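The values are calculated or read from the model by the stated rules, or taken from the named source; none is laboratory data. The structure displayed is predicted, hence computed values, not measured ones. Cβ atoms come from the backbone with ideal geometry, glycine included; neighbour counts cover every protein chain shown.
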Amino acid sequence: MSESAPPSTPALTETRALGSTERRHAADRRYEGSIGRRAPRRRGMLYWFGIAGRDLAIIVISIAAIVFAVRQINPIFANQPTIAQQLTRIVPVARAVVAPTRRDSSALERLVASPQFERDRQAFAADLVKTGRMDQARADSIAYYAVRESYRNGIPPAVVFGVMLTENALFVSSAMSNVGAVGLMQVYPKIWLKELSSKFGRDLATDSTNLKYGVYILSQYIKSDSGKVTARDVSSGLLRYNGCVRGTNTPNCRTYPTKVKKYVEKQGNSICGDKTFYQCIAEPFIAGLLGRRSPPAQAQ
């Protein structure tokens, strides 16, 4: 006689069904909090900002520590010769191959280092101080750049001195005319910045930059195709520098060369001595220093 399966009771059937249901929905308990089990916390923006701030602080502190260490601690290999230097010491033959060749200084650098340049710079500075409108330190600075640019462009310093006093007698670096011309040499930015800023920079209120512009513009206006600059060339160049082409924009602009001449003859005593303006600018010293055959300005 075989044994039959025990009859199922309603309670047992209900228990099994309940267990099956719980197993099917076990995954749901991961997202529902209950006693003894917490649902995962949702990460808000403050949480992520906190992590980012912490990481940033670590980076900043690390960089600060590195900078401090570099400034305070001398590296082991500081001030030691380079590999190339050591090689040329050990193997003299390598010197011709490895050792760098010293570059020759440019013609302008040699001129600036010459006694003639120093004499011209001192004379220019002395006349600036005599105006009573600047101290020796600023006069030395302006004179250096003015004479250097004069040499660079083949323009006698006397012309630069006269134009500077005519354009800006008070030597105000930031001075601006009613048409917008700026600085010691009253350079017109609307025209010249576009053409020369890549070469000389844009800060026309800086004395050195302004002089680069002004002297270069003068050289372009006064230059002569023949290589010899006459008094007439100088006068017409000064008129063009003043913007006096037809004489219609500025009243009495034709007197501009005369004003420049008077400033040089009255206040350029150290630069020109007892010479007249055209005698002074006809001096061949710049042509000689630059190795030219003819002076940059020759009176006739």
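Data for the structure
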{"read-out": "Residues of region 244-261 classified as at pLDDT 90 or above and within 24 Å of Gly154 (Cβ to Cβ), total", "value": "6"}
{"read-out": "Members of region 180-203 that are surrounded by 15 or more Cβ atoms within 10 Å (Cβ to Cβ) and over 12 Å from the mean Cα position of the chain (by Cα)", "value": "Ala181, Val182, Gly183, Leu184, Met185, Gln186, Val187, Tyr188, Pro189, Trp192, Leu193, Leu196"}
{"read-out": "Count - residues of region 111-159 that are β-branched (Val, Ile, Thr), within 24 Å of the chain's Cα centre (by Cα) and either buried (at least 21 other Cβ atoms within 10 Å of the Cβ) or closer than 14 Å to Asn269 by Cβ (or both)", "value": "2"}
{"read-out": "Tabulated pairs, region 140-159, first without any contact (Cβ under 8 Å) to a residue 40 or more places away in the chain, second part of a helix (DSSP H, G or I) and of a type in the set (A, V, I, L, M), C-beta under 7 angstrom, 6+ apart or interchain", "value": "Asp140/Ala125; Ala143/Ala125; Ala143/Leu128"}
{"read-out": "Whichever residue in region 169-196 is touching a helix residue (DSSP H, G or I) at 6+ places or on another chain (Cβ under 9 Å) and among the polar types (S, T, N, Q) and, among such residues, is farthest from Ala158 (Cα to Cα)", "value": "Ser177"}
{"read-out": "Residue count, region 160-179 (criterion: over 15 Å from Tyr145 (Cβ atoms), touching a residue at least 24 places away in the same chain (Cβ under 8 Å) and of a type in the set (Val, Ile, Thr))", "value": "1"}
{"read-out": "Residue check, Val67 within 26 Å of the chain's Cα centre (by Cα), of a type in the set (Val, Ile, Thr) and modelled with pLDDT of 50 or more", "value": "no"}
{"read-out": "Selection status of Val179, touching a Leu at 6+ places or on another chain (Cβ under 9 Å) and not charged (D, E, K, R)", "value": "no"}
